[in-house]
Amino acid sequence: MSNDAFRAAMSRLADGVVLVTAREPSLDADDPGAPDREDVGMTATAFVSVSLDPPLVLVSLRTGSRMDDLLDEQPLWAVSVLSENQRHIAGRFAMKGRISDRLLFADIPYVRGEASGAPLVDGALATLECRTEQVVRAGDHTLVIGRVLTATAPNADGGPLVYFRGRYRQLG
C-alpha cells in the first residue's frame with residue numbers, strides 16, 4: 001500500500017480540530033529582557049477521549065516536532081477545542097517553518113490555565129488541562145496520553161471546526 005492511498009483513505013475520516021499548548025523555559029536564558037517562559041502551540045486533528053475513570057485523553061504528535069520534544073520534558077499541557085469561527089487559529093499554528101510562537105499568540109485572546117499555565121483560547125468550545133501519563137512511540141508519531149486535570153465548556157455557541165478531505169470545514 002502506498003502512503004498516498006493511505007492518506008486518501010484517512011482523509012475521509014472527519015476529525016475535530018484542537019490547539020495543543022504548553023510552556024517551555026526561555027529560549028534565550030542569557031538575555032535578561034527575555035521572558036522566563038515561552039508559549040508553544042500546535043494544531044492537532046488526532047485528539048480523542050480515552051477514558052472516563054480516570055479521565056484520559058490522547059493526542060498524536062509528529063515525532064521530532066517541537067511539541068513532541070517539549071512534552072517529552074514538560075508534563076503539563078493544555079487543549080482548546082476550536083470552534084468553527086477559529087479556522088484562522090488552526091491554520092496559523094499548523095504552518096510549517098512558521099515565525100516564533102510568541103508572535104503567533106500576540107493577537108489571540110486567551111487565559112492561562114490554573115493547572116498548566118498554558119494558554120487556553122478564548123471562544124473555544126471546550127478547554128482541558130492535562131498531565132502526561134504515558135508516551136507511546138508509534139511509527140512516525142508519538143501518542144501522548146494525558147490525565148485531564150481541568151475541563152471546561154465555556155462556549156455553548158457555534159459548532160466545531162472539522163478537518164475533512166485535507167481542509168478545515170464547518171458542520172451543516
Within the stretch 90-101, work out how many residues are touching a strand residue (DSSP E or B) at 6+ places or on another chain (Cβ under 6 Å) and either modelled with pLDDT of 95 or more or farther than 16 Å from R167 by Cα (or both).
2
Only residues that are farther than 17 Å from T132 by Cβ, open to solvent by 70 Å² or more (accessible area, probe 1.4 Å) and modelled with pLDDT of 85 or more: list them for the stretch 8-59, please.
L52, D53
Could you list all residues from the stretch 131-148 that are surrounded by fewer than 19 Cβ atoms within 10 Å (Cβ to Cβ) and among the hydrophobic types (A, V, I, L, M, F, W, C)?
V135, V136, A138, L143, I145
Out of the residues in the stretch 155-172 that are within 14 Å of S80 (Cα to Cα) and outside any loop (DSSP other than H, G, I, E, B), which is least open to solvent (accessible area, probe 1.4 Å)?
L161
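For (1) under 22 Å from S49 (Cβ atoms); (2) open to solvent by 70 Å² or more (accessible area, probe 1.4 Å), each residue gets a yes or a no:
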position	(1), (2)
L104	no, no
E129	yes, no
T150	yes, no
A153	yes, yes
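The values are calculated or read from the model by the stated rules, or taken from the named source; none is laboratory data. Keep in mind that this is a model prediction, so the values were computed, not measured. Here the Cβ is made from the backbone with ideal geometry for all residues, glycine too, and neighbour counts use every protein chain on show. Side chains are part of the model used for accessible areas, which takes the heavy atoms of the whole protein and leaves out ligands, DNA and RNA. Shrake-Rupley method; radii C 1.70, N 1.55, O 1.52, S 1.80 Å.
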